[in-house]
1. Quick one: helix 41-50 against the long Cα principal axis of the chain, what's the angle to the nearest 10°, folded into 0 to 90?
2. Give the span of segment 50-136's Cα atoms along each principal axis, as three whole-Å numbers ordered largest to smallest.
3. Of all beta bridges DSSP finds with both residues in the chain, what is the antiparallel percent, to the nearest 5?
4. Go through segment 192-201 residue by residue and turn each phi into a ³J(HN,Hα) via Karplus (6.51, -1.76, 1.60, θ = phi - 60°); whole Hz please, and just put x for glycine and proline.
5. Run the reach check for residue 202 against lysines, Cα to Cα strictly under 24 Å, same-chain hits fewer than 8 apart removed. What comes back?
6. Largest first and in whole Å, what are the equivalent-ellipsoid semi-axes of the chain based on the Cα gyration tensor, each being the root of 5 times an eigenvalue?
7. Report the charge-dipole magnitude of segment 2-157 in Debye, nearest 20, computed about the Cα centre from +1 at each Lys and Arg Cβ and -1 at each Asp and Glu Cβ.
8. At a 10 angstrom cut-off on C-beta neighbours, averaged per residue, how do the peptides 137-144, 48-55, 185-192 rank from highest to lowest?
Amino acid sequence: MLVQSAVTTGKLRATLEPEAADVFMIAVPTPFTDGFKPDVSYIEAAVKKIAPVLVKGNLLILESTSPVGTTEKISQWVSEIRPDLSFPHQSGEQADIQIAHCPERVLPGYVIQELVSNDRVIGGLTPYCAEQAKLLYQLFVKAECIIIDARTAEMAKLTENSFRDVNIAFANELSIICDKLNINVWELIKLANRHPRVNILKPGPGVGGALYCSCPLVYS
Ligand SMILES: NC(=O)c1ccc[n+]([C@@H]2O[C@H](COP(=O)([O-])OP(=O)(O)OC[C@H]3O[C@@H](n4cnc5c(N)ncnc54)[C@H](O)[C@@H]3O)[C@@H](O)[C@H]2O)c1
């Protein structure tokens, strides 16, 4: 209903080709390749489509879960296509285009609620990039928008995913062990969680979806 009303009131429009805009947000898939390496080719493809329509003053935001160094790579990729503009990796605070990474944290099923209520980590290639991105997020985020450098923001998201991954795996390992020992895992977890500093998750089918991309790789 929300999408329908945004479309009928002219606030949301979809196009297959990028058009001139003040801000570009990239939220494309970042899956693993067969060799468990993060595949950033979707980001590169999106960036290369956006590059021709960029004008001085634009803000480019990466929201995809990405290996450390991807936001810097974006700056390099666009600069190769648009030598007429300056970018943060070359010109720092004086760049024509600002680039930032603001990793997405929403839980599917609660996307609208969490878009507004979740704290956001905003990593700029320069402090000015981060400040510009913060101004945008503050339009709809009611929680804190925390400014940091892009590499730390990339690593923060990978850390969050890895933390969840390890905890989900722990609950599932317990389930397998309990099965072998003929112990009720649900009862066991309830008992263990009575400890004031223990909070074990419920066992389930395992890690999937957006959480699956949690490999903290760095470009060499
Ligand atoms: N879904 C979540 O709740 C969630 C939460 C946190 C982080 N993330 C991260 O966000 C990123 C996107 O995840 P998602 O779940 O939205 O993926 P998705 O597959 O649902 O959506 C990605 C969209 O990108 C489009 N796309 C792919 N290549 C494109 C290109 N070159 N140009 C334009 N569009 C292109 C696809 O058509 C698709 O509609 C991933 O890095 C994921 O890890 C997602």
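Here, each number is a calculation from the coordinates, and none is a lab measurement. Just so you know, these numbers come straight off a predicted model, no measurement behind them. No Cβ is skipped: glycine too gets one built from the backbone with ideal geometry, and neighbour counts run over all protein chains shown.
1. Once rounded, one gets 30 degrees.
2. Dimensions of segment 50-136 along the principal axes of its Cα atoms: 42, 24, 21 Å.
3. Details: 3 of 17 bridges.
Rounded to the nearest five, the antiparallel share is 20 percent.
4. Per-residue couplings from phi come out as 4, 6, 6, 5, x, 10, 10, 8, 7, 6 Hz.
5. Leaving aside lysines fewer than 8 places away in the same chain, those within reach of residue 202 are 157, 180, 190.
6. On the way: eigenvalues 280, 81, 56 Å².
Computed over the chain, the values are 37, 20, 17 Å.
7. Details: 14 positive and 19 negative charges, 53 e Å.
That gives segment 2-157 a dipole magnitude of about 260 debye.
8. Numbers: 137-144: 11.6, 48-55: 16.1, 185-192: 13.9.
Going from most to least packed, we get 48-55, 185-192, 137-144.
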